[in-house]
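Every number in this text was worked out from the coordinates using simple rules, so none of it is lab data. Because the structure is predicted, anything quoted here is derived from the model rather than measured. With ideal geometry, Cβ positions are generated from the backbone for all residues, glycine too; neighbour counts draw on all protein chains shown.
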Amino acid sequence: MSPDSPAPFAAAPVLGLPRMHMEAGERRDFLPEFVAAADRAGAGEIVLEHGYGQGMGFGSDAYLSASPKVRFADYEEVLSSDIVTVIRCPDEDALRAMRAGSLLMAMLHYRTRPLRTRLIADLGLQAISFDAVVDDLGRRQVEYLEAVGWNGVRLAFVEIARQHPHFAHPSRRPLRVTCLGAGAVGSHAVRAATRYGDPELREELAASDVPGVEVTVVDFDLTRHEDYMLERLEVTDLLIDATQRIDPTRPIVPNPWIAALPPDAVILDLAVDPYDFTVDPPRTKGVEGVPHGNLDHSVFPVDDPAWDELDHRIDTRQRRLSLSCYAWPGVEPVDCMRVYGRQIEPVLAVAMRGPVDRLDDNSPDRQERAVAHADLRRWLT
């Protein structure tokens, strides 16, 4: 522990739960059951932003009933809390409004957001990144990758059905899906693809003797072989990027390769790595040229203005209808926050004990070790 480390909370910490001031479709707030768990974990006070939960159908009474420690305040006051907990990282102005020494808990994506990560540290904030909370085997403890795969694939097949004149007819050939990546997201995407992302739709089509789906999984090492990839793309109806690249500066499918896809093929971006020209070399998406979507705008036809609005250094000449969303689990917000809330409850309980840089990554407490892995200062060093 460094000599200038923050002191333990002088009293039971104040927990702030702000809303996410993102696109209108981003409605994810923690559920009342999470507020009750925060009370049990030792929060001295739980401050919610006015309007919290309303986008998901929860009124203020639901939260006030969950804990007598709840009160509502404006955004700025919530950000002044000892611990600020939210799913997506607040913007730079909000980060600067937080108090030095306070703790931010969010999906911070240290590896792919290096400038933001450094800013958080420079502002004197403590931080725990939910996506970095891992067990001793490196498995994420806060994730809903099943929803990433299923939500994305389901919406991709909606678009395929719109384009395919014989989608539900027994005479059509099997649909061919190519999934890049066989990790956690890829495994869910493969299972979802064999069911059109919708088990009820699959049953309906199977009952009418409509041919199903053929899924090919391409290992990352194989993606470097251009001849193979071009042959594979030529017979692909749905191309899924579910990779986790070691080097995000190099695309897996350079934009010219997209020309090999059939004209009515669909591209699904589940990796949702951002374009980033603030670093050198710049970071790009796995499938080069695909726009970066969100909950308001996740479907991009070839004539969508978003293609032309990308930085001119991104090659977008070859296009196919594409889907991309920074927050695929948010498509079903209540379901998502029920899962996230239960996973984050033990993380919050550990954080309530005091400064996270005092946590022991060799502790006999398994949960403390997992949270220690996600400490910002430990990650930077």
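Using θ = phi - 60° and the Karplus form 6.51 cos²θ - 1.76 cosθ + 1.60, what ³J(HN,Hα) does each residue of region 259-274 get, whole Hz, x for Gly and Pro?
Values, residue by residue: 4, 6, 5, x, x, 9, 5, 10, 10, 10, 9, 9, 6, 6, 5, x Hz.
Which whole-number percent is the relative contact order of region 145-330 (Cα, under 8 Å, 6+ apart)?
23
Lys/Arg Cβ at +1, Asp/Glu Cβ at -1, dipole of region 58-140 taken about the Cα centre: which of G59, Y75, T117 is farthest positive-ward?
Of the listed residues, the answer is T117.
Search the structure for amide H atoms under 5 Å from the amide H of S322, placed 1.01 Å from N in the peptide plane, and list their residues when 5 or more places away or on another chain.
It is I267, F300, by chain and number.
Can you list residues from other chains, or at least 5 along the same chain, whose modelled amide H is less than 5 Å from the amide H of R88?
Here the answer is M107, since their amide H atoms fall under 5 Å of that of R88.
What percent do you get for the relative contact order of the chain when only Cα pairs under 8 Å and 6+ apart count?
18
Which loop trypsin sites (Lys or Arg not before Pro) in region 280-322, with loop taken from DSSP, have no more than 12 other Cβ atoms within 10 angstrom of their Cβ?
Answer in residue order: R313, R317.
Using the Karplus equation 6.51 cos²θ - 1.76 cosθ + 1.60 (θ = phi - 60°), what ³J(HN,Hα) coupling, rounded to whole Hz, does each residue of region 326-341 give in order, writing x for Gly and Pro?
3J(HN,Hα) across region 326-341, in whole Hz: 4, 9, 4, x, x, 4, 10, x, 5, 4, 4, 6, 5, 5, 4, x.
Above 36 angstrom, tally the Cα pairs of the chain and express them as a % of all pairs, no decimals.
Roughly 29 percent, once rounded to a whole number.
Under the Kirkwood approximation applied to all pairs of distinct alpha-carbon atoms, what is the hydrodynamic radius of region 145-330 in Å?
Kirkwood hydrodynamic radius for region 145-330: 16.5 Å.
Which whole-Hz ³J(HN,Hα) couplings does region 53-63 yield from phi under the Karplus relation 6.51 cos²θ - 1.76 cosθ + 1.60, θ = phi - 60°, glycine and proline marked x?
Couplings: x, 5, x, 10, x, 9, x, 4, 4, 5, 7 Hz.
Any idea what the dipole of region 145-330 comes to, in debye rounded to 20, about its Cα centre with Lys/Arg Cβ at +1 and Asp/Glu Cβ at -1?
Taking the Cα centre of region 145-330 as origin, the dipole is about 260 debye.
How large is the charge dipole for the chain, taken about the Cα centre, if only the Cβ atoms of Lys, Arg (+1) and Asp, Glu (-1) carry charge, to the nearest 20 debye?
In debye, rounded to 20, the chain gives about 500.
Calculate how steeply helix 32-41 sits against the longest principal axis of the alpha-carbon atoms of the chain, using the helix alpha-carbon long axis, and give the answer as 0 to 90 degrees to the nearest 10.
For helix 32-41, the angle is close to 40 degrees.
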